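I have placed the structure first, in the form of structure tokens, so that the comments after it can refer back to it.
The values are calculated or read from the model by the stated rules, or taken from the named source; none is laboratory data. Just so we're clear, the structure is a prediction, and the values are computed from it rather than from any experiment. Every residue, glycine as well, gets a Cβ built from its backbone with ideal geometry; the counts of neighbours run over all protein chains shown. Note: areas computed on protein heavy atoms with side chains; ligands, DNA, RNA excluded. Shrake-Rupley method; radii C 1.70, N 1.55, O 1.52, S 1.80 Å.
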Amino acid sequence: MRKSFDKDGDGKITRAEWGQPGLEQLWFLFDLDDSKSMDAEEWAVSQLRSRATGGFFALDLAAQDAEKRT
């Protein structure tokens, strides 16, 4: 895990610590257990995903918003 993102040194990265604009809508791709933070295992998964090539996936952010409204 990149320690430069873990501002408080607790071994996890929160959205606030990450500080990337636009990440709010994509945070669920990193926070796999919905704990509101990314731990070392989730970090490793994100790094593997970033190296993958030839894959395709689609995101339906409207559907996720609809679930919150019900």
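Just a few scattered comments:
- Length gained on full extension, residue 32 to residue 2: 9.0 nm, using 0.36 nm per residue less the C-alpha separation.
- Taking label positions 7 Å along the Cα-Cβ direction at both residue 16 and residue 53, the computed distance is 3.9 nm, reported to one decimal.
- Residues with amide H under 5 Å from that of residue 38, placed H, sequence gap 5 or more: 13, 14
- Ordering 46, 4 by accessible surface, largest first, gives 4, 46; the 1.4 Å probe counts only protein heavy atoms, with every chain in place.
- Stretch gain in nm, segment residue 45-residue 23, where the contour uses 0.36 nm per residue and the Cα spacing is subtracted: 6.3 nm
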